[in-house]
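Each reported figure results from applying straightforward, stated rules to the coordinates on display, with no laboratory input. As the structure is a computational prediction, the values presented were derived from the model and not from experiment. As a convention, Cβ positions derive from the backbone with ideal geometry for all residues, glycine included, and neighbour counts pool all protein chains shown.
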Amino acid sequence: MLTVDIEKCIGCGECEEVCSFGAISVVDEKAKVDPDLCSLCGTCVDTCPEGALEMESGGPDKEKQDLSAWRGVWVVAEVRGDDFAPVTLELLGKARELADTLSVPVTAVVIGSGVKERARNLITRGADRVIVADHPELSSFVDEAYSKIVAHLARKERPEIILSGATAMGRAFIPQVATMLETGLTADCTGLEIEEGGRNLLQTRPAFGGNLMATIICDDHRPQMATVRPHVLKALEPDESRDGEIVDFLPTPELLEHRVKVVESAAEESEGPGLTDAEIVVTAGRGLEKKENLHLVERLAQCLDAGIGATRAITDAGWISGNHQIGQTGVTVSPKLYIACGVSGAIQHLVGMQGSDIIVAINKDKDAPIFDVATYAVVGDVKEVLPELIKKVCKERGIEDV
Ligand SMILES: Cc1cc2nc3c(=O)[nH]c(=O)nc-3n(C[C@H](O)[C@H](O)[C@H](O)COP(=O)(O)OP(=O)(O)OC[C@H]3O[C@@H](n4cnc5c(N)ncnc54)[C@H](O)[C@@H]3O)c2cc1C
C-alpha cells in the first residue's frame, strides 16, 4: 500500500506528474492517493523530493523465502501428437544457456499417457534430467490435474526457474501453477537472461501496448516463472551423444483428481500450411486499401505455398479472420521468408515477426518503420508491385498465371 506522510509532503505535485495511472492528486497542498488506481509501481516514491511517499506491505507478513534452497532450471514440456510441441525444444535451448550460466542442471517435466518412450528426445535437446508423469488418466490435457502435478513436483524439488510455452495449453495451466506456488509469472517473454553477478532471471516482454519493453524480475520469490511464445527462441540441434536421467513419477489419486470430462479432441482443419509452421508467410496490411485487393496476397501466398498473415488493422476491419493476425495479440512467426504487403511496422506487429530470417517489405512510404527491420525494401504501391511479383513467381515455378 502507498502512504503519504502529511508532515513531510509539501504539495509540489511531482508525484502527480509522474504517476501514469492518475492515482495521485494534490488536494489542499497535500498528495492524495486513490488506492483503486494505484498499481504500486513505486515511481512516485523514487521521485518525491521530500521522501514523503512510502510503500508498505499490504498483505500478511510472509516469512522471507530462503532463495538459496531453490536450484535448477525446469521446462514444462508440451506433448503434441507423437512428439513435443516445437516450443518445448526451443525452451530447452534457452534453459540450457541459463542453466550453464547458473551452473545447475536442466530438468524437463513431461505429463501424459504413453509418453515415457519419447523422454530421451528431450535429453538430446539439452535436458539433463526428465521427470515423467505417465498415467492413463493423463491421456487428455486437463489443466487442474496438470497444474497440481507441476506444483507438487516444484514444491518437492525446488527449481529456481520454471519455463513453459505460451501456447493454449501453457496459458491454461501455468498461471495456476504460479498461484499454487505463490510466486510471479511473466507471460509472453521475448527475452530471458540471468542478471550479471546474480541469480535473478531477467524476463523481458512488451509492455504498455508494446510501446516499450519491460524487464521484470522476481527477486523475493522462487521459482521464477516465465512463458515464451513459439518461434521466439531457437532450439538446439539434437545431440545423440548427450547423457541424462529419466525419472518416473507416479501421481497420487489426489493429484489426478479433476472436474473436467473430455468428450472429444479434434484437430483444426485449415487450407494451406499452418501460419506458425509455414516456411514463407505473406502478410496483408491496410496498405492494400480495400478488402477486394486481398486476393493479391492470397494469390502470392498460393504460388509460394505460403501461410497468409495479417495485421490487426485488417483483422479488426473483418477482411480476414483473427486466426491470421500476427503480433503481440496474434501469433508469433519466424519463417524463412516474410513478405509484408502494405504493413506500416507498428511495434505490436514487429514483435510477432521480427525473428523471420528474411523480411521483404513493400510500402509506398520510404520512411515506414517496417523498413527498419526489412532485409529487402520495395518502395512502391502494393497494387502495382504484387501483380508483377506474382507474374515472376508463376514464371519461375511454372505455374499458370491466372
Ligand atoms: C494493445 C495493442 C495490441 C496490438 N496488437 C497488434 C497485433 O498483434 N498485430 C498487429 O498487426 N497490430 C497490433 N496492434 C495494432 C498496431 O498498433 C497497428 O495499428 C497495426 O499493426 C497497423 O496495421 P497496418 O500496418 O496494416 O496499418 P497502418 O498502420 O495503417 O499501415 C498501412 C501502411 O501501408 C502503407 N500503404 C498505404 N497504401 C499503400 C499502397 N497502396 N501500397 C503500399 N503501401 C501502402 C502506408 O504507408 C502504411 O505504412 C495492436 C495495438 C495495440 C494498442
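Net charge in the neighbourhood of Glu157 (other residues with Cβ under 11 Å of its Cβ; Lys, Arg +1, Asp, Glu -1) is +4.
Taking all Cα pairs closer than 8 Å and separated by 6 or more residues, the relative contact order of the chain comes to 11 percent. The packing ranking, built from the mean of other Cβ atoms within 10 Å per residue, places the peptides 340-351, 102-113, 211-222 in the order 340-351, 102-113, 211-222, highest first. Considering only beta bridges that DSSP places wholly inside the chain, some 30 percent are antiparallel.
The label point for Glu289 and the one for Glu54, both projected 7 Å from the Cα toward the Cβ, are 6.5 nm apart. The packing ranking of peptides 369-375, 233-239, highest mean first, is 369-375, 233-239, where packing means the average number of other beta carbon atoms within 10 angstrom of each residue.
A simple packing score, the average count of other Cβ atoms within 10 Å per residue, orders the peptides 64-74, 24-34 as 64-74, 24-34, with the highest score first.
Taking the chain as the region of interest, what is the percent of Cα-Cα pairs per 10 angstrom bin, listed from the shortest bin to the one with the maximum distance? Percent of Cα pairs in each bin: 4, 19, 23, 22, 19, 10, 2, 0, 0.
Summing charges over neighbours of Thr190, with a neighbour being any other residue whose Cβ is under 12 Å away from its Cβ, gives +1 when K and R count +1 and D and E count -1.
Given a cut-off of 18 Å, name the pairs among Lys291/Lys336; Lys290/Lys383; Lys116/Lys148; Lys366/Lys395; Lys290/Lys366; Lys290/Lys364 whose C-alpha atoms lie farther apart than that in the structure shown. Pairs exceeding the cut-off: Lys291/Lys336; Lys116/Lys148; Lys366/Lys395; Lys290/Lys366. Projection of the Cα convex hull of region 244-402, averaged over all directions and equal to a quarter of that hull's surface, yields 14.5 nm².
When only Cα pairs below 8 angstrom with a gap of at least 6 residues are kept, region 356-402 shows a relative contact order of 31 percent.
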